[in-house]
Amino acid sequence: MREVFASKCREFGRVCNSVRVTVALRVTRGTGLTSTFQTELSSLNTLTDRFFDVGGNMVENAMTPDRKKSEMKKPETFDVEISAPKVRFGKRHMVTFMIFLGMANAYIMRTNMSVAIVAMVNHTAIKSNDEVIEIEDKCGESTNETDAAERSADGPFVWDNKQQGYLLSSFFWGYVITQIPFGILTKRYGAKYFLGIGMLINSLFGLLVPVSANWGYWPLIIVRFIQGLGEGPIVPCTHALLAKWIPPNERSRMGAFVYAGAQFGTIISMPLSGLLADWQLVGGWPSIFYVFGVIGTIWCIAFLIWVYEDPEQHPSIAEDEKKFILSSLWGSAGISSSPPVPWKSIATSLPFWAILMAHMGQNYGYETLMTQLPTFMKQILHFSIKKNGIYSALPYFAMWLFSMFISHVADWMISSGRFTHTVTRKIVNSIGQFAPALALIAASYTGCNAWLTVTIITLGVGLNGAIYSGFKVNHLDISPRFAGILMSFTNCIANLAGLLAPITVGEVIAKSPSQAKWRIVFMICAGVYIFCAAFYAIFGSGQRQAWDNPDKDDDKNEKNQLDSVKIVNETQH
């Protein structure tokens, strides 16, 4: 291999001599090409505007300078035909499954308060500034089987709607703060320990929620804030691990599966929280936090033991699976240990802004429903706490199922060659964000028909699952090298929008919850969805961007990039 490359250097001697290109071929563990050789071969390809395959043959139709300016595509240099591993369930699947459970655990910790607060608050005795809040009973409590016995099961805390809104948003105050810092730290130091330890903090402080609630409103706010701090690494670390473990042609399926853990966690959390709150034998609502806190702690320990940072560090991964993963991740995982982040290029990238807008719209809409749907079902539809948890979970069960289905459709659209990455992402994302907007508009006019309301919301939120094959994995498309950082940034800004959701609901509902005021809440949510989805549909892209090109590291410091080159071209004559 060394001789083949040297002969190509002589053939293009002017170029080789100009940069003193030589090769130090380091083959480790007998696995073939190393990242060092790939980097050097890539450098020659860039400088000559030609591409050579791993056998030294020149590939036609090389990337032209014009194309390099617009978007970055994987060059044929690394388009090595390596078949998928024979084992169907490999280490990458195990890592994906563990992250899926972690995502589920994260959303359990995030959503359990949404149901618990219904049982914690004394809804018949809420006062604010000595004024009793009037709840419009237009539909009648007997309509949905809420009897006097169930109403007497109100909790001990007298928190008005504004206080409830701030309490539900306090988790996101901490969650937002840690997004960007952990995105940067993850790129430099790895994702595993930040994710595992962060979620351990989240789980342990979840165990303290009942105690802190008895201490007072502000101690509970602080505990939920710390839980948010602990959960902050979940998304940037997940993206960073996926970028290192999952080949591009599996990302729609694997990415959708991992992020479907959010729905799976919500499906588990809401009905089980309702049952635990109603089951006084286990202590009522405090048991919600004890049960899930213990489960979360167990997952953290298992994750730290069984998951590794990347395929090269895993001690028992099969060689064929490792080759399959690494050969597909050109410039994505480890060619440069800590490449400089092209902040200016990112800030001026419309595809990045499209992802950011879609993410903001999604978080505002999703957090509105996730944190407020149980309250809406209590105040307007008058479901009991047990039924509330079950019916609040139905939309997320539908979302989970549809996200799995649409991920396979998205992968087929791309692999069939009939649709580009860009068109695929735009189509599925439009389904995922326009559908819930239309559902919210329709649900705001269903009146007292509780089952029709639940059905429409379930359908809309179910179709929202398409976003996991849309903008949610789009960071990996446009920039696999900086996917974790990009996700941390968009997730941070998006969660600023998300934390406003429960506060906005509290301000709109204020002291007189009614169908008319909930209609305003739903219309605001629908408007945000529509605007952000339209922005993504216009400016989104599924192509790898030029600023993510590993070869562009040479532009500022070409000499340093070639320091590892050992054999000088002239010495071979």
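Return the residue satisfying two criteria in turn: it lies in the range 264-321 and is among the aromatic types (Phe, Trp, Tyr) and under 29 Å from Met370 (Cα atoms), and of such residues it is modelled with the lowest pLDDT. Selected residue: Trp279. Looking only at residues of the range 287-330 that are acidic (Asp, Glu) and not in a helix (DSSP H, G or I), we find that the one that is surrounded by the fewest Cβ atoms within 10 Å (Cβ to Cβ) is Glu309. Residues in the range 205-249 that are surrounded by fewer than 20 Cβ atoms within 10 Å (Cβ to Cβ), in contact (Cβ under 8 Å) with a residue 60 or more places away in the chain and within 29 Å of Tyr468 (Cβ to Cβ): Pro247, Pro248, Asn249. Out of all the residues in the range 407-415, is one or more of a type outside the set (Gly, Ala, Ser), closer than 30 Å to Pro342 by Cβ and at pLDDT 95 or above? No: the range 407-415 contains no residue that is of a type outside the set (Gly, Ala, Ser), closer than 30 Å to Pro342 by Cβ and at pLDDT 95 or above.
Of all residue pairs spaced 6 or more apart or on separate chains, those with beta-carbon atoms under 6 Å, a first member in the range 155-176 that is modelled with pLDDT under 85 and a second member that is among the hydroxyl-bearing types (Ser, Thr, Tyr) are Asp160/Ser128. Candidates Ala516, Ala501: the one that is of a type in the set (A, V, I, L, M) and either surrounded by fewer than 23 Cβ atoms within 10 Å (Cβ to Cβ) or modelled with pLDDT under 85 (or both) is Ala516.
For Ile346, the conditions (1) hydrophobic (A, V, I, L, M, F, W, C); (2) buried (at least 22 other Cβ atoms within 10 Å of the Cβ); (3) in a helix (DSSP H, G or I) are fulfilled apart from (2). Beta carbons closer than 8 Å, at least 6 apart along the sequence or on distinct chains, pair a first residue in the range 525-550 that is modelled with pLDDT of 95 or more with a second that is basic (Lys, Arg) for Tyr536/Lys426; Ala537/Lys426. Can you tell me which residue among Phe402, Phe471 is of a type in the set (Phe, Trp, Tyr), modelled with pLDDT of 90 or more and under 24 Å from Met270 (Cα atoms)? Unique residue meeting the criteria: Phe402.
Quick grid of which residues meet (1) out of contact with any Ser or Thr (no Cβ under 6 Å at 6 or more places or on another chain); (2) under 22 Å from Tyr468 (Cβ atoms); (3) in contact (Cβ under 8 Å) with a residue 40 or more places away in the chain; (4) not assigned by the TED database to the domain that holds Leu195:
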| site | (1), (2), (3), (4) |
| --- | --- |
| Met254 | no, yes, yes, no |
| Met270 | no, yes, yes, no |
| Gly283 | yes, no, no, no |
| Ile288 | no, no, yes, no |
| Thr297 | no, no, yes, no |
| Phe303 | yes, yes, yes, no |
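Considering each of Ala435, Ala439, Ala483, Ala466 in turn, give the residue that is without any contact (Cβ under 8 Å) to a residue 60 or more places away in the chain and crowded, with 24+ Cβ neighbours inside 10 Å. Matching residue, one of Ala435, Ala439, Ala483, Ala466: Ala439.
The values are calculated or read from the model by the stated rules, or taken from the named source; none is laboratory data. This structure is a prediction, so every number in the text was calculated from the model and none was measured. Neighbour counts are summed over all protein chains in view; Cβ atoms, including those assigned to glycine, are modelled from backbone coordinates with ideal geometry.
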